[in-house]
Amino acid sequence: MTAEKLEANGHQSTATGGARVKRGLAEMLKGGVIMDVVTAEQAKIAEDAGAVAVMALERVPADIRREGGVARMSDVSLIRDIMAAVTIPVMAKARIGHFVEAQVLQALGIDYIDESEVLTPADEENHIDKWQFTVPFVCGARDLGEALRRIGEGAAMIRTKGEAGTGNVVEAVRHMRAVSGGIRRLQSLRRDELMSAAKNLGAPYELVLEVHESGNLPVVNFSAGGIATPADAALMMQLGCDGNFVGSGIFKSDDPLNYAKAIVAATTYYDKPDVIAEVSAGLGRAMRGIDVATLPKEELLATRGW
Amino acid sequence: MLALQGDVREHLAALQACGAEALPVRTRSELDAADALVLPGGESTTMSRLLRVFGLEQPLRERLAGGMPVMATCAGLILGSRRVLDGRPDQLTLGIFDADVRRNAYGRQVESFEADLAVAPLGIAPFRGVFIRAPRVENTGGGVEVLASIDDNPVAIAQGPHLGLAFHPEMTDDLRLHQHFLQRAASALESNVA
């Protein structure tokens, strides 16, 4: 049912696309796992395993990293196939700053857009003005300033960047600690120190003030980029994230369905090591992974976005 | 407060603001300790799977048979229904409400909306309903009381001590529906004891 129809039927001030419904969907995903999928069949496996949403992609980050070339928004038919295959929300990625890819994804009726550093950026200075869209956006961040800049542009959900496609959780941990440490520092400041803090963070003053008062980001914060095992997923939850994105980690493992189930369970029971031990048994090999320290600087994805 | 997945934190805060003692439930012993239960918003397929895998389905059905009052919002309402339309065939339903529920009946996320609702027991002041990929209640049975509707579709229903909502009162600062549920639950629990 559309807003117009509801209004015609006498309901006052009905609205779609407001900040509350956009941020609200992310609230519903909390405590859950969002999985990268490249086919409708993988999307069904993800749904069977208990994913709260899927990210429709042409290539998982590990393959983008290996194959190189320009990584763009996924093929429209592929996105449609995946949307038709599952009942849970479907997300898709647009290039940083590529607002037309975002317009196309909105026209397709996608549930969430990830303006993502995993794709090749289309603009090296500006991100998408996300307030112009009805569909909500999730954006990556490495620290509090970056998170607040994206929220200032209209992001309704944040994920820490990590280093996608490596199967190495070290960068996800670094970024999650940077965001939560940044929040704690803001809380400890006096009010007359907040403008200077906003300048140093490169973040809008109003959002700095809001974080200072509430002690939280104004939107949900998931972790992403390198989560490969149930223990990784639980680690990120214990560090304070609201849920996990798992990209290459699932479909690059030996046994994707059981891997996916185990990561879902470890995200729910993140503080119960006996459950994590139980679900981790007999899973076979995780994705092989890359030591981030051995990657040349120009191959790092997390440094994209500004 | 069922806390397998979803917007648990907001419900806990709303219940605590109403003066209730509210705790997350993820295990059988936590369920045993609860007098009443909130089924939150989230993904019904995910919660449904976790309830089964972690052995909570049977104990929960027993508590429901024993009359434990339930407040169910959005995905929770789907779990609490008699039958899910447009869901997954293996989706769990608890049959708390004598009603069918159609998943994502209002469309995808871009169709998610807010609307002012007239909710019968709350009197004249409207309640701001936040609908996110909301389900629609269909084919209600005789025991179901409709508290609010959009067009002819119920969006707030009650059955005995239970309250079922297609929208998210926990996403607003308006505590009236949580208070209403706590009153309903308290009077049901008192009459059980008596």
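Annotations for the structure displayed:
- Matching residues, segment A:192-225, being closer than 16 Å to A:Cys139 by Cα and part of a loop (DSSP other than H, G, I, E, B): A:Ala203, A:Leu217, A:Pro218, A:Val219, A:Ala224, A:Gly225
- Criterion (in contact with a Gly (Cβ under 8 Å, 6 or more places away or on another chain) and closer than 19 Å to A:Gly32 by Cβ) met by exactly one of A:Ile276, A:Ile250, A:Ile263: A:Ile263
- Residues in segment B:34-57 that are closer than 16 Å to A:Gly32 by Cα and more than 11 Å from chain A (Cβ to nearest Cβ): 1 in all.
- The set of residues from segment A:250-302 being assigned to a loop (DSSP other than H, G, I, E, B) and among the hydroxyl-bearing types (Ser, Thr, Tyr) comprises A:Ser253, A:Tyr269, A:Tyr270.
- Flag if B:Arg88 is touching a residue at least 12 places away in the same chain (Cβ under 8 Å), basic (Lys, Arg) and in a helix (DSSP H, G or I): no
- Total residues in segment B:58-73 satisfying the condition of being within 21 Å of A:Gly32 (Cβ to Cβ) and open to solvent by 10 Å² or more (accessible area, probe 1.4 Å): the figure is 0.
- Hits in segment B:105-125 - residues which are open to solvent by 10 Å² or more (accessible area, probe 1.4 Å) and assigned to a strand (DSSP E or B): B:Glu114, B:Asp116
- Residue within segment A:61-80 that is part of a loop (DSSP other than H, G, I, E, B) and touching a residue at least 60 places away in the same chain (Cβ under 8 Å) present: no
- Among the residues of segment B:6-22, those that are within 10 Å of chain A (Cβ to nearest Cβ) and part of a helix (DSSP H, G or I) comprise B:Val8, B:Arg9, B:Glu10.
- Subset of segment A:134-149 that is within 14 Å of another protein chain (Cβ to nearest Cβ) and closer than 25 Å to A:Arg59 by Cβ - its residue that is nearest to the chain's Cα centre (by Cα): A:Val138
- Conditions (1) more than 13 Å from the chain's Cα centre (by Cα); (2) open to solvent by 10 Å² or more (accessible area, probe 1.4 Å): number failed by B:Leu94: (1)
- Positions within segment A:107-125 being within 14 Å of chain B (Cβ to nearest Cβ) and within 14 Å of the chain's Cα centre (by Cα), in sequence order: A:Asp111, A:Tyr112, A:Ile113, A:Asp114
- Condition check for A:Thr294: of a type in the set (S, T, N, Q) and open to solvent by less than 30 Å² (accessible area, probe 1.4 Å): no
- Residue within segment B:23-32 that is within 27 Å of A:Val219 (Cβ to Cβ), within 11 Å of chain A (Cβ to nearest Cβ) and charged (D, E, K, R) present: yes
- Within segment B:126-151, being facing chain A (nearest Cβ under 10 Å), under 20 Å from B:Asp86 (Cα atoms) and open to solvent by 10 Å² or more (accessible area, probe 1.4 Å) holds for B:Arg133, B:Arg136.
- Residue match in segment B:91-110 (condition: at the interface with chain A (Cβ under 7 Å from one of its Cβ atoms) and of a type in the set (A, V, I, L, M)): yes
One line per residue, one yes/no per condition, for (1) closer than 23 Å to A:Ile151 by Cβ; (2) among the hydroxyl-bearing types (Ser, Thr, Tyr); (3) under 20 Å from the mean Cα position of the chain (by Cα):
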residue: A:Thr16; (1), (2), (3): yes, yes, no
residue: A:Leu29; (1), (2), (3): yes, no, yes
residue: A:Met35; (1), (2), (3): no, no, yes
residue: A:Asp48; (1), (2), (3): no, no, no
residue: A:Met55; (1), (2), (3): yes, no, yes
residue: A:Val60; (1), (2), (3): no, no, yes
residue: A:Ser74; (1), (2), (3): no, yes, yes
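- Residue within segment A:2-12 that is modelled with pLDDT under 95, hydroxyl-bearing (Ser, Thr, Tyr) and either farther than 14 Å from B:Phe131 by Cα or touching a strand residue (DSSP E or B) at 6+ places or on another chain (Cβ under 6 Å) (or both) present: no
The values are calculated or read from the model by the stated rules, or taken from the named source; none is laboratory data. Quick caveat: nothing in here was measured; it's all calculated off a predicted structure. So basically every Cβ, Gly included, is an ideal-geometry build from the backbone, and we count neighbours across all protein chains shown. The protein model used for the area step is the full one, side chains on, heavy atoms only, and it has no ligands, DNA or RNA in it. Shrake-Rupley method; radii C 1.70, N 1.55, O 1.52, S 1.80 Å.
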